[in-house]
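Working notes, structure below.
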Amino acid sequence: MKLPYGYVLIGEETAIHEERAGVVRSIFEYYLAGASLGKIVDMLFAKGIQSPTGNPKWTRAAVDKLLANKKYIPIVGIEIYLDTQFEKEHRCNVDYDKAGHPRKAARYQSSLLEMK
């Protein structure tokens, strides 16, 4: 079993890793303050905080997954977690068609296609 970032295994018990939990709290705080996933990635890189996989730079997908993971409720609290989920839904640019398949709300077409 792989532990989520911010947790550590002590014996057979899962516990909060306080230093990494501070990073998790910062990610949630920055997101709720209006920072984009890219800005959060840049902030983590600037502070020299390695990704959960040990890479020097986090990915936007990793930050997005962290923000959506219910396992962070004990670290950030239920109110901040739910506020984050509401904010994520509010910022989302993906719409769903009649069959329930995700698709972006706006479709962009190259001007090169209009020339033909």
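The values are calculated or read from the model by the stated rules, or taken from the named source; none is laboratory data. Not measured: the values here are computed from a predicted model. FYI the Cβ positions are ideal-geometry reconstructions off the backbone, even for glycines, and counts take in every protein chain you see. Quick note on the areas: whole protein, heavy atoms, side chains included, nothing else; ligands and nucleic acids left out. Shrake-Rupley method; radii C 1.70, N 1.55, O 1.52, S 1.80 Å.
Within segment 6-25, if we keep just the residues that are assigned to a helix (DSSP H, G or I) and touching a residue at least 12 places away in the same chain (Cβ under 8 Å), the residue that is most open to solvent (accessible area, probe 1.4 Å) turns out to be Arg20. The number of residues in segment 70-85 that are farther than 15 Å from Arg20 by Cα and surrounded by 14 or more Cβ atoms within 10 Å (Cβ to Cβ) comes to 4. For Pro56, the conditions (1) surrounded by 13 or more Cβ atoms within 10 Å (Cβ to Cβ); (2) out of contact with any helix residue (DSSP H, G or I) (no Cβ under 6 Å at 6 or more places or on another chain) all hold with the exception of (1).
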